[in-house]
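Undergrad: Have a look at the structure that comes next, please.
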Amino acid sequence: MRADLDFLLVEYEQKKRNAENDLDIRKKELYKKNPRLEEIENEINKISINKAKSILINKLSDNLSKKFDEDLINLKKEKEAILEKEKIDESFFKPKYECEKCKDTGYITSLNKKSEMCSCLKQRLINISYNKSNLSNLQKENFKNFNANIFSNQKDVEKYKMNISPRDNIKAIKKASENFINNFDNPDTKNLFFTGNTGLGKTFMTNCIANELLNRGKTVLYQTAPVLLETIIDNKFNKYKTNDTNDFNNQVLEADLLIIDDLGTECINSMKLSELFTIINSRCLNLNNKITKTIISTNYNIEKIFEIYEERIGSRIAGFYDIYYFFGEDLRLKK
């Protein structure tokens, strides 16, 4: 993890430098076309420096201060008039950072004036160390590419035990997913439990949610249940003899959104059940002192969860998760 962080910080420094160099190039091209703008910028800087010097040597009289302010106002008005004529926004004079929150430094100043890692850097570390290929389809699998029409519009109560069509059902799930995203920071918003056979859109919908939350600066950790539980246990016993044994476990509890995919495909034992309960319970109750949400995707319905897993796990899911059933024809067979 430390090596990954060092690598990323070098990359961030280069991104920051590139954004600032790009601004310098843009400004030079603009000043070449409008020399007066550069003159105004230099005059504004000169006045600001002279005013600061006058304050330091206690020679800033009221009249001088008034003159400085009047000159600055006039220069700024002249600059605004030129920019308006050229249809140039003030944002032109700011570097175009990839992350405006941290200005491509990787760190922000928190409300208590402490420096802390920006969510963009946290997510990069999660992707490198844990997500790997799990979030590789986000550019394709997002709400812009959502198409309810690939689902049947025919009801089949006998087959699906539901009184709506697969199409109406997926539309309802999409709406619920959007509500989940928009109310993510509300502690009363429940987690999501997606159940249904393979090929019915559970992964697609999960990726849509992950994509949207990533765009909103949230951190997302996406793992299959087998890898998630095996990695936690391996780290507990320091199987790989590293100094980062708690990194993954902490990320599991602290990521804004944890996605547990393919629950039910893991080999179950008492230790894994205990770890699974700890994850679900800690995140449900926000025991890590921040609002966190979880999405569980599985082929098992809630009745099967109670049957196979401990009742305390089933009861947490039943009480703290909104349960959505995906049904219809296998979409993979339609491609």
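Here, each number is a calculation from the coordinates, and none is a lab measurement. Model, not experiment: these values are computed from the prediction. Cβ placement follows ideal geometry from the backbone for every residue including glycine, while neighbour counts extend to all protein chains displayed.
Undergrad: Once the dipole of the chain is set up with Lys and Arg at +1 and Asp and Glu at -1 on Cβ about the Cα centre, which of T189, L30, I164 lies farthest towards its positive end?
TA: L30
Undergrad: Considering just Cα atoms, how many Å³ per residue does the convex hull of the stretch 62-202 enclose?
TA: On the way: hull volume 35.7 nm³, N = 141.
Residue-normalised Cα hull volume stands at 253 Å³.
Undergrad: Give me the dipole magnitude in Debye, nearest 20, for the stretch 115-222 about the Cα centre, with unit charges on the beta carbon: positive for Lys and Arg, negative for Asp and Glu.
TA: Working: 16 positive and 9 negative charges, 46 e Å.
Using only the charged Cβ atoms, the result is roughly 220 debye.
Undergrad: Rounded to the nearest 500 deg cm²/dmol, what is the calculated helix-only ellipticity per residue at 222 nm for the chain, with -39500 (n - 2.57) per DSSP H run of length n ≥ 4?
TA: On the way: 12 runs with 173 residues, N = 335.
Rounded to the nearest 500, the figure is -17000 deg cm²/dmol.
Undergrad: Okay, next question. Using 5 Å bins from zero, what percent of all Cα-Cα pairs in the stretch 1-116 falls into each bin?
TA: The distribution over the stretch 1-116 is 2, 10, 13, 14, 12, 13, 15, 12, 5, 3, 1, 0, given as percents.
Undergrad: Moving on to the next point. If Rh is defined by the Kirkwood formula over all Cα pairs and Rg also comes from Cα, what ratio Rg/Rh do you get for the stretch 137-279?
TA: On the way: Rg = 17.6 Å, Rh = 17.2 Å.
Answer for the stretch 137-279: 1.02.
Undergrad: Determine, for each peptide in 186-193, 144-151, the mean count of other beta carbons within 10 angstrom over its residues, then list the peptides with the highest first.
TA: Order by mean packing, descending: 186-193, 144-151.
Undergrad: Now for a different question. By average Cβ neighbour count within 10 Å, what is the ranking of 20-28, 209-217, 299-307 from highest down?
TA: Ranking, from highest mean packing down: 209-217, 299-307, 20-28.
Undergrad: A further question on this structure: Greater than 20 Å separation of Cα atoms is the criterion. Which listed pairs, K218/K293; K175/K293; K175/K290; K202/K293, meet it?
TA: K175/K290
Undergrad: Take the alpha-carbon positions of the chain, form their convex hull, and give its projected area averaged over all directions (one quarter of the hull surface) in nm².
TA: Here the figure is 25.0 nm², rounded to one decimal.
Undergrad: Could you work out how far helix 270-284 tilts from the main Cα principal axis of the chain, as a 0 to 90 degree angle to the nearest 10?
TA: Long axis of 270-284 versus the principal axis of the chain: about 50 degrees.
Undergrad: In whole Hz, with x marking every Gly and Pro, tabulate ³J(HN,Hα) for the stretch 60-75 from phi via Karplus 6.51 cos²θ - 1.76 cosθ + 1.60, θ = phi - 60°.
TA: These are the phi-based 3J(HN,Hα) values: 9, 6, 4, 5, 5, 4, 5, 5, 4, 5, 5, 5, 5, 4, 5, 5 Hz.
Undergrad: Please give the helix 202-215 orientation as an angle from the longest Cα principal axis of the chain, in degrees from 0 to 90, rounded to the nearest 10.
TA: The angle comes out near 20 degrees.
Undergrad: Between the helical axis of 35-56 and the dominant principal axis of the chain, each derived from Cα atoms, what acute angle in degrees is found, rounded to the nearest 10?
TA: So the helix axis and the longest Cα principal axis differ by about 80 degrees.
Undergrad: Compute the distance in nm between two label points, each set 7 Å from the Cα along the Cα-to-Cβ direction, one at K155 and one at L64.
TA: Label at K155, label at L64, 8.5 nm between them.
Undergrad: To continue, here is another question. Give the relative contact order (percent, whole number) for the stretch 136-209; include only Cα pairs under 8 Å separated by 6+ residues.
TA: Over the stretch 136-209, the number comes to 37 percent.
Undergrad: Taking 0.36 nm per residue of separation and subtracting the Cα-Cα distance, what length does fully extending N74 through F146 add?
TA: Full extension from N74 to F146 adds 20.7 nm.
Undergrad: I'd like the isolated cysteines in the chain, meaning no second cysteine's beta-carbon lies under 4.7 angstrom from theirs.
TA: Result for the chain is C208, C267, C284, no neighbouring Cys Cβ within the cutoff.
Undergrad: Show the residues, 5+ positions off or on another chain, whose built amide H is closer than 5 Å to the amide H of K218.
TA: none
Undergrad: While we're here: Below 8 Å, C-alpha to C-alpha, sequence gap of six or more: please give me the relative contact order for the stretch 212-335 in percent.
TA: Once normalised by length, the contact order is 24 percent.
Undergrad: Excluding A52 itself, calculate the net charge of residues whose Cβ lies under 13 Å from the Cβ of A52, where each Lys or Arg counts +1 and each Asp or Glu counts -1.
TA: +4
Undergrad: Something else: Round to a whole angstrom and tell me the spacing of the C-alpha centers of the stretch 1-73 and the stretch 98-127.
TA: 24 Å
Undergrad: Now for a different question. Hey, what D do you get for the stretch 209-290 in µm²/s if you plug the Kirkwood alpha-carbon radius into Stokes-Einstein at 10 °C and 1.306 mPa s?
TA: Rounded to a whole number, D works out at 118 µm²/s.
Undergrad: Which whole-number percent is the relative contact order of the chain (Cα, under 8 Å, 6+ apart)?
TA: Normalised by residue count, the contact order of the chain is 18 percent.
Undergrad: Students often check this: by mean Cβ neighbours within 10 Å, which of 309-320, 223-234, 88-99 ranks highest, and how do the rest follow? Please report the intermediate quantities before stating the final value.
TA: On the way: 309-320: 15.9, 223-234: 18.7, 88-99: 13.2.
Going from most to least packed, we get 223-234, 309-320, 88-99.
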